[in-house]
Amino acid sequence: MADWIPPVLAGAFLVVSYRLVRTSGAGLRMAVLLMALLNAGVLWLLASTGPAWPVVAVALVSLVAAVHSLLAAAQALAARIRRVDTEGLRGLIGQAADAAGPQVVGVCVTFTGALVLTAFADGTHPEGRQFHLMPGTDCPFCLVEDQIRDFLGPADPLLAAYRTHLKEGSSRHLLVKRRSEREPWTGRLRDRIHYRVPAPARRPPCSVHDPLLGRP
């Protein structure tokens, strides 16, 4: 076998693997882990069975493919995001609440102060489409709590749990769901380490949450 064939096959394998991992729906951490393992395995195999130049060549090809995949993933994410105002946000949530069939509504406040909504109501709002309410005059935490009250009831314990996490600096992701319109909504708070409470400069004044978050 010619010396150039193994590195060409290895480079092609890594390029195709990058695409498969990127389109598989795996999270960022899982995708990075998978590709790191694949790279380590392929480069080790090349290094142990031949000269050094194929390792360098395949590593460069892998780096270019990784940068291309990151840019493509960023473009795909941007294409799924639509900015809305407060009324538009409430309208989208209302559509999800009134739709028939299995539904999941996710709402969270990011560290930038934006409120992110993911509503899976029907074919018009497919899974993965995000709607962003950028920081403005409305308190984003109040908007999240409104969803707890509207979907789960004003006395649901999730409201107190949400405020407890806010006081600790964690902006939890609210998920409410039901399997059909005949069943009640259920909810939970999902933890993500990067969901931190935004800095005071990134959120509007709020008489409810400012004392809770230590801003007079």
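The values are calculated or read from the model by the stated rules, or taken from the named source; none is laboratory data. Everything numeric here is computed off the predicted structure, so don't read it as measured data. Heads up, the Cβs are rebuilt from the backbone with ideal geometry, glycines too, and the neighbour counts pull from every protein chain shown. Remember, those area values only see protein heavy atoms, side chains included, never the ligands or the DNA or RNA. Shrake-Rupley method; radii C 1.70, N 1.55, O 1.52, S 1.80 Å.
By how many degrees, between 0 and 90 and to the nearest 10, does the Cα long axis of helix 53-79 differ from the longest principal axis of the chain?
20 degrees
Cα atoms only, region 30-109: Rg and Dmax in Å?
Both quantities, over Cα of region 30-109: 21.9, 64 Å.
Pick from Leu159, Leu92, Leu70: which residue has the top mean-square fluctuation in a GNM of the chain where Cα pairs under 10 Å get a spring?
Answer for the Gaussian network model of the chain: Leu70.
Using only the alpha-carbon atoms of region 160-216, report the extent along each of the three principal axes, biggest first, to the nearest angstrom.
That gives 44, 25, 18 Å along the principal axes, largest extent first.
Compute the acute angle (0 to 90°) between the alpha-carbon long axis of helix 140-152 and the principal axis of greatest extent of the alpha-carbon atoms of the chain; round to the nearest 10°.
70 degrees
What do you get for the angle between helix 86-98 and the principal long axis of the chain? Use alpha-carbon atoms, 0 to 90 degrees, nearest ten.
Once rounded, the angle reads 90 degrees.
If you keep only loop residues by DSSP, which trypsin sites (Lys or Arg not before Pro) in region 129-191 have at most 12 other Cβ atoms within 10 Å of their Cβ?
Listed in order of number, the matching sites are Arg179, Arg182.
So how exposed is Leu63, as accessible area in Å² (1.4 Å probe, rounded to 10)?
110 Å²
How big is Rg to Rh over the chain, alpha-carbon atoms, Rh as the Kirkwood inverse-mean-distance radius?
On the way: Rg = 22.8 Å, Rh = 20.2 Å.
Here the Rg-to-Rh quotient is 1.13.
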